[in-house]
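Written below as structure tokens is the structure these notes are about.
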């Protein structure tokens, strides 16, 4: 059962074009690698203006270590990539007056690069923290992808700054691998693992360093083009972004209007007001996402308790009430959680009989 209410997120083909070159530089046939990773799934050529479905990417990154035989393949791909501008966001980094303006543009236009980005720049004390989270439905942080991206971005920022850019630290959401020598060599620091976010940490003073390639007029023109490209992304419309965030966070204890607003770079009242202007609300969208997930998981044969938990319900009783409101009856897959007698008993208990 497809969740037809959701607009599929996409990403630009920029990274894929860089990956083709890096795979070849490592002695891996790019076409064969993609063919094996996607196991017969048809892929369009990585054209300049093409966009690809975001949630297909985990298939590639999960298969890559096995195909290459390299446990640090993400780091090594990042090492081979040439950090040249290939899209409007890359050119904005170069044309910015300093690294701060460049990173602010990166955060502003991040969804041109990938609809799954949840990037933000946080300046606190002597540190600047560039959060570079990439999210996928029902998939955690991908080690090889994030390690590749961390190396690539550090090189891109150094190119934009026109000088070496020593990182103060790196944090990853994934668990620590057994060996860290390549992490230290390529990132210059030993990362911290199992952290809440994927983060590059810079000395804050570096953000004010003037760029050698700064061009205020070009930056203005590029910003206008980036705004146009962003507006053309249907998936980037507010309702689609909130639905996707909810899909990612339904089972989390922090699935709230406040947390959603922060993730989208807004605040609680502003997000509530913006949703209201579009004839919706956070509660309405939350309910919609829960209903669609419940129907999909029941259709897949999961038991009622599992479905309720996956939809963010701590107990069965409110789940049954919500399902009756949604569908006018009880969950069709209730019997899958046990015998008919057990299911009936659960239903009776849920409805207070």
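Values quoted throughout were computed directly from the atomic coordinates according to the rules given, and no laboratory measurement underlies them. Just so we're clear, the structure is a prediction, and the values are computed from it rather than from any experiment. Cβ sites come from the backbone with ideal geometry, for glycine too, and all protein chains shown count toward neighbours.
Quick notes on this one:
- The chain: most fluctuating residue of 193, 109, 117 per GNM, C-alpha cutoff 10 Å: 193
- Of 162, 78, 301, the one that fluctuates the most in a GNM where the chain has Cα springs shorter than 10 Å: 301
- Looking at the chain alone, DSSP beta bridges between its own residues are antiparallel in about 95 percent of cases.
- Most mobile of 248, 271, 28 in a GNM of the chain (Cα contacts under 10 Å): 28
- To the nearest ten degrees, helix 14-25 and the longest principal axis of the Cα atoms of the chain are 60 degrees apart.
- Taking the helices alone, the chain has a mean residue ellipticity at 222 nm of -15500 deg cm²/dmol, built from -39,500 (n - 2.57) per DSSP H run of at least 4 residues and averaged over all its residues.
- Separation of alpha-carbon centers, segment 210-266 and segment 74-141, rounded to whole Å: 12
- The residue 71 and residue 230 beta-carbon pair, evaluated with R₀ = 51 Å, returns a calculated FRET efficiency of approximately 0.85.
- Measuring r between the beta carbons of residue 287 and residue 86 and using R0 = 35 Å, the FRET efficiency lands at 0.30.
- C-alpha long axis of helix 340-350 to longest principal axis of the chain, angle in °: 80
- Helix 99-108 axis, angle to the chain major axis (alpha carbon atoms, nearest 10°): 30
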